[in-house]
Amino acid sequence: MKTSKSLSIGFAGLLLSLSGPTYAYSNPTADIAWSGGTLGVADIQAAFNNARTTENSQLSTSIPTLTLPSQAQWDSKSDGEKALWLINKERTDRGIKALQGLETNVTNVAQSYAQYLLDNNKTGHEADGKTPSQRLDANPTIQACREFLTRSENLAYFWGISAFQTPLPIEKAVYDWMYEDALSSWGHRDAVLIDAYNDNNSDNQEGFLGIGRASGGPHSSPSRSYNHVEIVVMNIFDPCASWASDSTAPTFASGYPAKPTI
């Protein structure tokens, strides 16, 4: 948990299994704090590029800088599309296949849990008495065609006195999972960059994403109550080989980066 200069607080949680896949990337040697403002695309781009430059310095890597779409294009994207764009850029710039897109059923699971956490003033992965996997499997379409992953959910909370003090919750959630996750042994970063999907439907993409967001208050952090909170839930889903013939077709998001030639 951390307190920013705006008096908002961010907190993230991840369900970790006892064992996991082998990752083809290294983690930063220390947290890289968000650098600069939170007013829009220019600030988002500057913060991510500062983190990438710092990570390159820490690890002697060569992750390129990113260029976000225009402010108007960014503002037209849904929460899920923004998260998908940033996550896929983090993946493909490290030579990891892009997620195939957003999926309606997974998004509904994530949104439902985000709203539950807000409405019931709760935090954590099992606040409703279910694990992330159990929540996914409660959806019959997902349950009928879901392959096992060692990671399935990230959470992020941003508390403040008002919504003005909790800007860019989607962008900052992805940033925190990627670059300010040392306290969680980089488990959230592992979920963002996981490469354990079975590539059933595309040579260049794999797996689906769902993003939920709930805003309101009051809501309690582990230390005190705040008037406002932004809760972000990320779920990931590896479909089985027969997914393309399922009655509920996946919903794709446009505008995310293509897999680079490496």
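Observations on the model:
- In the stretch 116-197, the ratio of gyration radius to Kirkwood radius, Rg to Rh, stands at 1.00 when only Cα atoms are counted.
- Global form of the stretch 33-74, assessed from the alpha-carbon gyration tensor, a/c cut-off 1.5: oblate
- The stretch 101-158, relative contact order [Cα under 8 Å, separation at least 6], %: 34 percent
- Shown for L149, L86, L66: other C-beta atoms within 10 Å of each C-beta, ranked fewest to most, produce the order L66, L149, L86.
- Order of E147, E230, E153 under a 10 Å beta carbon neighbour criterion, fewest first: E147, E153, E230
- Sorting the Cα pairs of the stretch 52-189 by distance into bins of 10 Å, from 0 upward, gives 9, 35, 38, 17, 1 percent per bin.
- Cα point-scatterer Debye curve for the stretch 73-132, base-10 log of I(q)/I(0) at q = 0.18, 0.19, 0.23 Å⁻¹: -0.80, -0.85, -0.97
- Theoretical FRET efficiency, 1/(1+(r/R0)^6), r = Cβ-Cβ of L39 and S223, R0 30 Å, to 0.05: 0.60
- Percent RCO, i.e. relative contact order, over the stretch 56-198, from Cα pairs under 8 Å lying at least 6 residues apart: 23 percent
- Ascending count of other beta-carbon atoms within 10 Å, so fewest first, for C240, C145: C240, C145
- The reciprocal of the average 1/r between distinct C-alpha atoms defines the Kirkwood hydrodynamic radius, which for the stretch 16-105 equals 14.9 Å.
Throughout, read-outs are computed from the coordinates displayed, never taken from laboratory work. Just so it is clear, the model here is predicted, and its values are computed rather than measured. Every residue, glycine as well, gets a Cβ built from its backbone with ideal geometry; the counts of neighbours run over all protein chains shown.
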